[in-house]
1. So, in the stretch 72-97, how many residues would count as being outside any helix (DSSP H, G or I) and acidic (D, E)?
2. Name every residue in the stretch 50-62 that is in a helix (DSSP H, G or I) and either surrounded by fewer than 10 Cβ atoms within 10 Å (Cβ to Cβ) or in contact (Cβ under 8 Å) with a residue 24 or more places away in the chain (or both), in order of residue number.
3. The conditions are (1) in contact with a His (Cβ under 7 Å, 6 or more places away or on another chain); (2) closer than 12 Å to H107 by Cβ, and T70 fails exactly one of them. Which is it?
4. Return a yes/no flag: does the stretch 52-61 have any residue that is of a type in the set (D, E), within 26 Å of K11 (Cβ to Cβ) and modelled with pLDDT of 95 or more.
5. Out of E82, E97, E87, E12, I need the residue that is more than 21 Å from K117 (Cβ to Cβ) and touching a His at 6+ places or on another chain (Cβ under 9 Å). Which one?
6. Cβ-Cβ distance below 6 Å, separation of 6 or more or different chains: which pairs start in the stretch 72-85 with a residue that is in contact (Cβ under 8 Å) with a residue 24 or more places away in the chain and end on one that is assigned to a helix (DSSP H, G or I)?
7. Out of (1) of a type outside the set (F, W, Y); (2) buried (at least 17 other Cβ atoms within 10 Å of the Cβ); (3) out of contact with any Cys (no Cβ under 8 Å at 6 or more places or on another chain); (4) assigned to a loop (DSSP other than H, G, I, E, B), the odd one out for G26 is which?
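The values are calculated or read from the model by the stated rules, or taken from the named source; none is laboratory data. This structure is a prediction, so every number in the text was calculated from the model and none was measured. In this analysis, Cβ positions are derived from the backbone assuming ideal geometry, glycine residues included, and neighbour counts consider all displayed protein chains.
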Amino acid sequence: MAIYTSRYSNKELRKDGYYPVGISVGRPRFNTGYTIRETCYSLAPKGYMLKMEYDPYKEAYIKKLEEIGTDKIIKIVRGLEEKAKAENKTLVLLCFEDIRKPGNWCHRTIFAEWWKKHTGETIEELEDAEPMKTAKAITVQKTNEEQAVQMSMF
């Protein structure tokens, strides 16, 4: 059985067949449309890492995993996978970022790389059919006062 990663707002997770587990510092404050079964803080980054650039973040996150220990991390993930299998579901490790957007990255992809290195198994990103949100253009409406032209009386 496969293990996937995804973002909390992936609507694919509303379908039956998934065992969603949060691996983020916080939990969504929005309605996901499905039940997050557990939160695994061992795989979450530490709060101070959230403001870091990619390279130092990756180094700090991998250091955190290594401090917990390879055997312990594997045991944790295998335990989650067994719970998912017991319900005939697929384990999905979740956090917030939409990594489909250029320039976005996330610790879940770093974890997937770490997992591959230590187990030889690939963790793929769950298909996400939701269209990417793009920034909306903001139009500024000038008030009548701002539109007025100052004229000289002399």
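1. 2
2. L50, K51, Y54, D55, Y57, K58, Y61, I62
3. (2)
4. No, the stretch 52-61 has no match at all.
5. Answer to the check: E97.
6. Partner pairs satisfying both residue conditions: I73/L65; I76/S42.
7. The single condition G26 does not satisfy is (2).
Residues are listed down the side, and each one gets a yes or a no for (1) among the β-branched types (V, I, T); (2) modelled with pLDDT of 95 or more; (3) in contact with a Cys (Cβ under 6 Å, 6 or more places away or on another chain):
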site	(1), (2), (3)
A44	no, yes, no
D71	no, yes, no
E82	no, yes, no
I99	yes, no, yes
P102	no, no, no
T122	yes, yes, no
E125	no, yes, no
P131	no, no, no
E145	no, no, no
